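Visitor: Next up is a structure, given as structure tokens.
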Amino acid sequence: MTTASTASLWRNHILPFTLLVTLLGVATVIGDYLLHRLNLVWVGRYLGIPGTLLIIGSLIYSLRKRKYITSGNVKSWLSMHEVGTWLGSLMVLIHAGIHFNAILPWLATIAMGINVISGMVGKMLLARSREHVQSQREHYQLRGLSKSEVERAVFWESVTFDAMAKWRKVHIPIFIVFAVLALGHIISIFLFWGWV
């Protein structure tokens with residue numbers, strides 16, 4: 001890997017990922033601090049509701065990608081998915097605050113955090129591997145290889161890319177664990193608050 005491609009990897013993938021995760025953590029701490037400082041802790045208690053709704057709403061991207069919904073651009077839905085899950089996660093993290101009242105909400109929060117990070121890592125790795133395979137193809141084409149020779153030369157990179165494209169097989173089960181734990185937390189809130 002050349003110095004230029006290492007710099008590109010850092011600038012285009014690792015730095016944005018690190019900044020987004022750091023920003024999520026810092027925004028959570030500041031949000032929780034401000035709610036406590038302004039004596040608005042009760043607001044944090046209810047932030048879990050819009051946060052969860054944002055996360056649920058962001059799943060429309062999955063429906064569009066699988067063609068259950070046909071309107072809209074997939075790329076636009078992906079952007080809305082990323083922003084919605086980030087903002088929803090921020091609200092849920094502020095909702096969780098620094099309170100350690102019960103294990104179920106914290107398990108759900110941890111699963112949500114792992115799910116957000118796995119989604120961001122998957123996107124970064126997938127984009128990087130797609131760029132790498134394309135750059136290898138262009139490199140071999142510039143050397144004058146025929147289309148079949150180019151495809152043979154990038155065969156293993158393509159196989160690796162295809163394997164990485166299946167990262168969703170890890171991301172989706174993590175989401176399911178998060179969803180089950182979050183649902184358990186929501187049901188327990190309804191039961192203990194006497195809403196049911």
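Values quoted throughout were computed directly from the atomic coordinates according to the rules given, and no laboratory measurement underlies them. Predicted model, so just to flag it, every value in this text is computed and none were measured. FYI the Cβ positions are ideal-geometry reconstructions off the backbone, even for glycines, and counts take in every protein chain you see.
Visitor: Percentage of Cα-Cα pair distances in the range 19-99 greater than 18 Å, rounded to whole percent?
Guide: More than 18 Å apart: 48 percent of the Cα pairs in the range 19-99.
Visitor: Another one. Using the Karplus curve 6.51 cos²θ - 1.76 cosθ + 1.60 with θ = phi - 60°, what ³J(HN,Hα) values do you get for each residue of the range 30-37, in whole Hz, with x for Gly and Pro?
Guide: 5, x, 5, 4, 4, 4, 5, 5
Visitor: Just check the range 102-196 against the gyration tensor rule for me: Cα atoms, a ≥ b ≥ c as the square roots of the eigenvalues, rounded for a/c under 1.5, and otherwise prolate or oblate depending on whether a/b exceeds b/c. Numbers along the way, then the final one.
Guide: Values: a/c = 6.15, a/b = 4.76, b/c = 1.29.
Cα axes put the range 102-196 in the prolate bin.
Visitor: For the range 34-142, with the dipole built from +1 on Lys and Arg beta-carbon atoms and -1 on Asp and Glu ones, taken about the Cα centre, which of Gly119, Ile94, Ser62 lies farthest toward the positive end?
Guide: Projecting each Cα onto the dipole axis, the largest value belongs to Ser62.
Visitor: Could you give the size of the charge dipole of the range 102-196 about its Cα centre, using +1 on the Cβ of each K and R and -1 on the Cβ of each D and E, expressed in debye and rounded to the nearest 20?
Guide: Numbers: 10 positive and 6 negative charges, 18 e Å.
Dipole size: approximately 80 debye.
Visitor: Hey, which lysines would be in cross-link range of Lys166, C-alpha to C-alpha under 24 Å, not counting anything within fewer than 8 residues on its own chain?
Guide: Qualifying lysines at Cα under 24 Å: Lys65, Lys67, Lys75, Lys123.
Visitor: Per residue of the range 107-115, in order, report the coupling 6.51 cos²θ - 1.76 cosθ + 1.60 (Karplus, θ = phi - 60°) as ³J(HN,Hα) in whole Hz, putting x for Gly and Pro.
Guide: Result, ordered by residue: 5, 5, 5, 5, 4, 5, x, 5, 5 Hz.
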